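As structure tokens, the structure follows; a few thoughts come after it.
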Amino acid sequence: MTASSKKGSSKGSAATVAIVLVTSLFFVWGLTMNLVNALNSPMANYLELSGTEASLLQVAYYGAYFVMAIPASIVAKQFGYKGGVVMGLALFVLGSLITVPATNAASYGIFLLAMFVIAAGASTLETNCNPYITKLGDEKHESMRLNLAQSFNGVGNIVGPLILSQFLGSTVAAGDPGFAAAKLAFLSSMRGMYIVIAVVLAVVLAVFVFVKLPTPPGDEEEANGNAEKVSIGSMLKRPYFALGVLAEFIFIGLQVAGMSLFSSFAMQQWPGMTAGTAAAYLSILSLLFTVGRFVSTPIMAKVEPGKLLGIYMTASAILFFVAFLGLGPVSVVAMIVSYLFVSIGYPMVFSLTLTGFKGSAVKTGSSALVMSIVGAALIPLLMSAIADAAGINVALLVAVPGFLYVAWYGLFGCKIGLERK
């Protein structure tokens, strides 16, 4: 074996180790993100919050994504992707530990602060891990690498609520016998759960401090002064980038809105369905979402990413239209199956939007895409308002043109202004 082949082999193995380590982090923020959603109802019950007050959990969480994306990209530019990952994990640990005084004092305000800091960590990790996985390898398989990594994010989405369900048991309403004891048990469980998360992530943080992460090719060129410096302004002048940021904003909003409206829609359409059964069906929907990412990964090796995105988003639009028609159980099943196709939207749009960029431009572009996650706060709010005014079916109809836009982006928009060298 020649010296150059040995060097290439060791570089390849280092990249493999890096991809495995970084992919594990996708599971982490997937778990905490859906854990926040699952905490909404019990938190409202035991801290006696109004619906609006309880929704501040999501505002604190997704708001941190908007606030932290640009600072996270600045850290990545100054200290590399490893610096961004270390910062994200440190914020995660800090936020998890803030839940200790929050639960001790039963303070919702301190708990919101904890969720904001945790989400700041998640946002920092997303801003760094998504582009790192995307660019650590050949350009042809960028979408495939990111989709596979994001599959573990889906696993975390399922595991979070399952962990919480082990602690909750039966909910005791305010005023009922045993409420005080149940509230104490709930807060104690939350404290213990987040302490475990803090300890585990502190160990992961130590691993990342001592492990050397290989540098993506574009960053190496930039370090040698060979890469072109690109500003956010010049990036937005490329139509496929600007259209991609919009597509991500719309897509992530529709994904979250559909999940948030599903239980109410299912109980409305399926006679005799209880809230518990609807929650079980929502778990099936989440499982299909995760399965969709895993089974689609090998398909990406054979089908052009943009074309696959177009097909999947068109299928999602059709199934949401069937849901809008109000066909009873058929519409409920259609909405569940739609998430098999919804699954690949976020990682596919993310990688297509960053096509052709290298070095610091990738970090800047990543921050814009992570900021677009604020769509998960705004679009569900809009669709919920439409549901209140005109019914859930009409709200679901609004999603159809949104999915069709993302399909158009995959088929045509991602190529407008793209210059391949």
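Each value in this text was obtained by applying a stated rule to the coordinates, not by laboratory testing. Here the structure is a predicted model, which means the values were calculated and not measured. We place every Cβ from the backbone using ideal geometry, glycine too, and count neighbours over all the protein chains shown.
Taking the number of other C-beta atoms within 10 Å as the exposure measure, put K135, K82 in order starting with the fewest.
K82, K135
Under a point-charge model restricted to the Cβ atoms of Lys and Arg (+1) and Asp and Glu (-1), what is the dipole moment magnitude of the range 241-400 relative to its Cα centre, in debye to the nearest 20?
Once rounded to the nearest 20, the dipole reads 400 debye.
May I ask you to derive the FRET efficiency for K237 and I195 from their Cβ-Cβ distance with R0 = 30 Å, giving the value to the nearest 0.05?
Efficiency for this residue pair is about 0.05.
With each run of n ≥ 4 DSSP H residues scored as -39500 (n - 2.57), what mean residue ellipticity at 222 nm is computed for the chain after dividing by its residue count and rounding to the nearest 500 deg cm²/dmol?
Using -39500 (n - 2.57) per qualifying helix, the result is -28500 deg cm²/dmol.
Over all directions, average the projected area of the Cα convex hull of the range 258-385 and note it in nm².
Projected over every direction and averaged, the Cα hull of the range 258-385 covers 8.8 nm².
Over the chain, what relative contact order in percent results from Cα pairs under 8 Å that are six or more residues apart?
Result for the chain is 23 percent.
Multiply the residue separation of V303 and S264 by 0.36 nm, subtract the distance between their alpha-carbon atoms, and state the gained length in nm to one decimal.
10.4 nm
For the chain, what value does the Rg/Rh ratio take when both radii are computed over Cα atoms and Rh is the Kirkwood radius, given to two decimals?
Reported Rg/Rh (Cα atoms, Kirkwood Rh): 0.98.
Between A173 and N104, how many nm apart are label points set 7 Å from Cα along the C-beta direction?
Calculated label separation equals 3.4 nm.
Using θ = phi - 60° and the Karplus form 6.51 cos²θ - 1.76 cosθ + 1.60, what ³J(HN,Hα) does each residue of the range 391-400 get, whole Hz, x for Gly and Pro?
Once rounded to whole Hz, the list reads x, 5, 4, 5, 4, 5, 5, 4, 5, 4.
If each residue's Cβ is checked for other Cβ atoms within 10 Å, how do R238, R191 rank with the fewest at the top?
R191, R238
Distance in nm between label sites at Q78 and V291, each 7 Å beyond Cα in the beta-carbon direction?
Modelled inter-label distance: 4.7 nm.
Can you bin the range 70-122 into rounded, prolate or oblate? Criterion: square roots of the alpha carbon gyration tensor eigenvalues sorted a ≥ b ≥ c, rounded for a/c under 1.5, prolate for a/b above b/c, oblate for the rest.
prolate
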